[in-house]
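For reference, the structure is listed below as structure tokens.
The values are calculated or read from the model by the stated rules, or taken from the named source; none is laboratory data. Note that the coordinates shown come from a computational prediction; the quantities given were computed from them, not determined experimentally. Neighbour counts run over all protein chains shown; Cβ positions are idealised from the backbone, glycine included. Remember, those area values only see protein heavy atoms, side chains included, never the ligands or the DNA or RNA. Shrake-Rupley method; radii C 1.70, N 1.55, O 1.52, S 1.80 Å.
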Amino acid sequence: QLQALGGGTVQAGGSLRLSCVSTSSIFSINNMAWYRRAPGKQRELVARITSWGSTEYADSIKGRFTISGDNAKSTVYLNMNGLKPEDTAVYYCSVTALWDNLRTFWGRGTQVTVSS
């Protein structure tokens with residue numbers, strides 16, 4: 001249901017913009033987020049935005065990445081600037097809705113590779 005777009009290969013210092021689009025509307029969104037999994041590492045939260053606009057970021061990307069979202073379109077974006085080789089990972093988007101309980105939808109990952 002969720003499709004992550006915008007990955008690719010970029011040189012260090014470059015920029016990419018990831019988009020996560022839902023094929024159908026998701027109602028009662030609580031938050032939207034981006035995670036990543038680097039080779040040999042566990043999945044980690046990169047950034048999250050709540051339906052009321054609060055954001056949180058991993059320390060490693062603060063000041064370089066910006067998350068934004070459109071609840072009405074069930075779409076979330078991640079603007080990535082100043083990319084570093086250590087940002088290389090598969091990036092996943094998620095949308096969490098509050099129905100009778102919290103339900104999280106996941107998109108397929110998109111590869112981001114940063115060359116030095």
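A few remarks follow.
- Taking every residue in the stretch 38-49 that is over 23 Å from Ser68 (Cβ atoms) and pairing it with any residue that is in a strand (DSSP E or B) and not hydroxyl-bearing (Ser, Thr, Tyr), at least 6 positions away or on another chain, the pairs with Cβ-Cβ distances below 6 Å are Ala38/Ala89.
- Residue check for Leu102: hydrophobic (A, V, I, L, M, F, W, C) and open to solvent by less than 60 Å² (accessible area, probe 1.4 Å): no
- Residue match in the stretch 38-59 (condition: at pLDDT 95 or above, in contact with a strand residue (DSSP E or B) (Cβ under 9 Å, 6 or more places away or on another chain), among the small types (Gly, Ala, Ser) and open to solvent by 40 Å² or more (accessible area, probe 1.4 Å)): yes
- Answer residue from the stretch 18-28, given it is touching a Gly at 6+ places or on another chain (Cβ under 8 Å) and not small (Gly, Ala, Ser) and is farthest from Thr66 (Cα to Cα) among those: Cys20
- Here Asn30 meets the list (1) of a type outside the set (Gly, Ala, Ser); (2) over 14 Å from Gly107 (Cα atoms); (3) at pLDDT 95 or above almost entirely, failing just condition (3).
- Within the stretch 61-77, the set of residues being surrounded by 20 or more Cβ atoms within 10 Å (Cβ to Cβ) and over 13 Å from Gln3 (Cα atoms) comprises Ile61, Phe65, Ile67, Gly69, Asn71.
- When we screen Thr110, Thr96 for residues that are closer than 19 Å to Gly40 by Cα and of a type in the set (Ser, Thr, Tyr), the only hit is Thr110.
- Total residues in the stretch 78-91, condition crowded, with 21+ Cβ neighbours inside 10 Å and either part of a strand (DSSP E or B) or touching a helix residue (DSSP H, G or I) at 6+ places or on another chain (Cβ under 6 Å) (or both): 4
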